[in-house]
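In what follows, a structure is listed as C-alpha cells, so that the remarks can point back to it.
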Amino acid sequence: MKIFIEGPYWAGLWTEIAADSLQQAGHTVAVSYHNRKNLHDRLVLAGKTLLPAASRKAAWIKRHRRQLQEAMSHEQWDILLSIQGTVDRQTLQQCRQRSPDLKVFFWWGDILTDQARTRISQAAVFSEQLLVSSRGTFDQLSPRYPMQLRYLPFGVSRRFHSVNHISAQDRQRFASEVAFVGTCYPERCELIRHLNTQLDVPVNVWGRGWRHCKDIQNHGALSLADSLKVHACAKISLNLHHTDTNNGFNMKFYEIPAAGGFQLCDWQPLLNETVLGRQTVACRSVAEFAEKTSYYLAHEQARKQIIAATSKTVFTTEDYTSKLARIFNPPS
C-alpha cells in the first residue's frame, strides 16, 4: 500500500520510526511534519507575531493543511496516517480529488486530556480507524467509537533503538548509578529529590524543565540516540510515567530494555498482561522506588538476569513492524 504520514517532528522520532517500520513491511511511505516550520514558513508567518497565540497557531495549521494537500496531490495514496495531526474534513476532501479511495487512520499516543478528547472526536468524523496507545484510553473510548477504535501500543525498532557502539567518551559522559531521561513534572521532581536523600550518589537527570526542581543534577535535553546511551550506561534507568497515564506504557518503557538497560518503572496494571511487563521491576510508591533502587544497585547479578530477559523479549514481542502489520495488513 501507499501510506502518507502526517506526523510530529520531535526528539523521540515517532514519525520516522513509524515510516521506517511501514517501509520494512513493504509499503511505500511519504511524510509531512505538522509541527516543523522551514525558513520560508517562518518568514511568511513573521507578520503574525503580534497576534494572540491561538491566532498564530491557527495560521500555521491553515498553512500546513495547504502544504499537506499539495504534498499528496502528485500521486494516489491508499492511507493517510495522521499521528496527532491537524488534518480536517475540508483538507481531506481536497486530497480525495486525487486519491478518491483514501482512508484515514488517526493515531493518538498521548494522555487523554480534554483537548485530546476534542481532537479525537473531530477526527472520528472522517477517519476509518482511531488508534490509541493507552489501554485505559481504549477502554474509556470504546463505548463511543466501537467500530473505529483500535489499540496500538508503542514498540521498538531494531534500526532506531539498538545500541551497537558506545565510545569511551560517551561512556564517561553517560555513566550513572541511577539515571532519568525526561521532562520535569512535579511528581517526578518529588520522587527524584526523595531518592537523592536515600542514595550515596544523586540521580543523574537529562531533560527539559528541571531548572524549577531544586537540587537536581540536570544535564540538558538529549537526542533519542543519546538517551539510549544513557540507558545502556546507567546501572538503573528510572521510567516515571506522566501522572495522568491511564494503564499504558510510554515509549521509554520499550526504549530502556531495547538499549540493554535496567528499568525501574512505576506500576501500571497492564504490566501483568505482557511478557515484557511481567519481567519489568515496578514500584507502587516513592518508598518502594527507594527500596528497590537500593536493592538492585547492590545486586548486580539480579540486574544482569533481568536485562538479559527484557532485552530479548522487547525485540521479539514488541517490534513496531509486527504491531503496525496488525493494523495495516489485517488477516483476510
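Observations on the structure shown:
- Residue, nearest to Leu324 (Cα to Cα), within region 23-39, restricted to residues that are touching a helix residue (DSSP H, G or I) at 6+ places or on another chain (Cβ under 6 Å) and open to solvent by less than 80 Å² (accessible area, probe 1.4 Å): Ala25
- Test: residue in region 233-244 that is open to solvent by 30 Å² or more (accessible area, probe 1.4 Å), in contact with a Lys or Arg (Cβ under 7 Å, 6 or more places away or on another chain), under 22 Å from Ser133 (Cβ atoms) and of a type in the set (S, T, N, Q): no
- Test for Gln268: is it buried (at least 18 other Cβ atoms within 10 Å of the Cβ) and either farther than 16 Å from Val314 by Cα or in contact (Cβ under 8 Å) with a residue 12 or more places away in the chain (or both): yes
- All of (1) free of Cβ contacts under 8 Å to residues at least 60 places away in the same chain; (2) touching a Pro at 6+ places or on another chain (Cβ under 8 Å); (3) polar (S, T, N, Q) hold for Gln23 with one exception: (2).
- Checking Arg193 against (1) open to solvent by 60 Å² or more (accessible area, probe 1.4 Å); (2) out of contact with any Cys (no Cβ under 8 Å at 6 or more places or on another chain); (3) not small (Gly, Ala, Ser), the condition it does not meet: (2)
- Residue match in region 104-122 (condition: more than 15 Å from Thr137 (Cα to Cα), buried (at least 18 other Cβ atoms within 10 Å of the Cβ) and touching an Asp or Glu at 6+ places or on another chain (Cβ under 7 Å)): yes
- Among (1) more than 30 Å from Asn247 (Cα to Cα); (2) open to solvent by 50 Å² or more (accessible area, probe 1.4 Å), the one test that Thr91 misses: (2)
- Selection within region 310-332: residues that are crowded, with 16+ Cβ neighbours inside 10 Å and of a type in the set (Gly, Ala, Ser). The member of this set that is nearest to Leu264 (Cα to Cα) is Ser311.
- Residue check: Val230 meets all listed conditions (1) open to solvent by 10 Å² or more (accessible area, probe 1.4 Å); (2) closer than 19 Å to Trp10 by Cα but one, namely (1).
- Failed item, numbered, when Phe138 is tested on (1) at pLDDT 95 or above; (2) assigned to a helix (DSSP H, G or I); (3) out of contact with any strand residue (DSSP E or B) (no Cβ under 7 Å at 6 or more places or on another chain); (4) open to solvent by 40 Å² or more (accessible area, probe 1.4 Å): (3)
- Any hit, region 144-155, residues being open to solvent by 20 Å² or more (accessible area, probe 1.4 Å) and touching a residue at least 60 places away in the same chain (Cβ under 8 Å): yes
- Residue count for region 40-81 satisfying the condition of being at pLDDT below 80 and surrounded by 13 or more Cβ atoms within 10 Å (Cβ to Cβ): 5.
- Residue check, Ser285 without any contact (Cβ under 8 Å) to a residue 60 or more places away in the chain, hydroxyl-bearing (Ser, Thr, Tyr) and out of contact with any Ser or Thr (no Cβ under 7 Å at 6 or more places or on another chain): yes
- Which numbered condition Leu131 fails, given (1) open to solvent by less than 10 Å² (accessible area, probe 1.4 Å); (2) of a type outside the set (Phe, Trp, Tyr); (3) in contact (Cβ under 8 Å) with a residue 40 or more places away in the chain; (4) part of a helix (DSSP H, G or I): (4)
- Those residues of region 271-308 which are over 23 Å from the mean Cα position of the chain (by Cα), surrounded by 14 or more Cβ atoms within 10 Å (Cβ to Cβ) and of a type in the set (Gly, Ala, Ser), in sequence order: Ala290, Ser294
The values are calculated or read from the model by the stated rules, or taken from the named source; none is laboratory data. Everything numeric here is computed off the predicted structure, so don't read it as measured data. Every residue, glycine among them, receives a Cβ derived from its backbone with ideal geometry; neighbour counts consider all protein chains shown. Side chains are part of the model used for accessible areas, which takes the heavy atoms of the whole protein and leaves out ligands, DNA and RNA. Shrake-Rupley method; radii C 1.70, N 1.55, O 1.52, S 1.80 Å.
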